[in-house]
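Shown next, in structure tokens, is the structure this report addresses.
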Amino acid sequence: MDNKFDNDLSVLIKKYKAEIEEILIECEHVYRSTIDYELLDGRVIELLDAAKDDGLEEKIIWDLIHSQIPSYVNYINFKITSKKSA
């Protein structure tokens with residue numbers, strides 16, 4: 001049974017990794033020089049909701065995002081820090 005769970009988890013992780021790639025491409029500006037972080041932010045929220053519905057832990061999605069778009073994680077950390085200090 002654990003093997004089936006591991007296989008299902010692996011399939012979900014691959015699915016979301018591909019979706020993160022697609023989201024990144026959608027959020028990049030011309031010539032891939034900058035990323036629209038506000039657009040990306042909305043798409044990531046949708047992605048996290050979908051992952052939750054699929055039973056995937058939020059941490060797994062954040063790990064995938066961190067490995068594929070580390071600058072987004074910095075953006076989120078800055079956004080949270082800015083709100084706390086305001």
Of all residues in the range 29-86, how many are of a type in the set (G, A, S), in a helix (DSSP H, G or I) and exposed (fewer than 10 other Cβ atoms within 10 Å of the Cβ)?
2
Is there any pair linking a residue in the range 54-71 that is over 14 Å from L12 (Cβ atoms) and at pLDDT 95 or above to one that is in a loop (DSSP other than H, G, I, E, B) and β-branched (V, I, T), with Cβ under 8 Å and at least six apart or on different chains, and which?
none
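The values are calculated or read from the model by the stated rules, or taken from the named source; none is laboratory data. None of these values were measured; they are calculated from a predicted model. Reconstructed Cβ throughout: ideal geometry from the backbone, glycine too, with neighbour counts over all protein chains shown.
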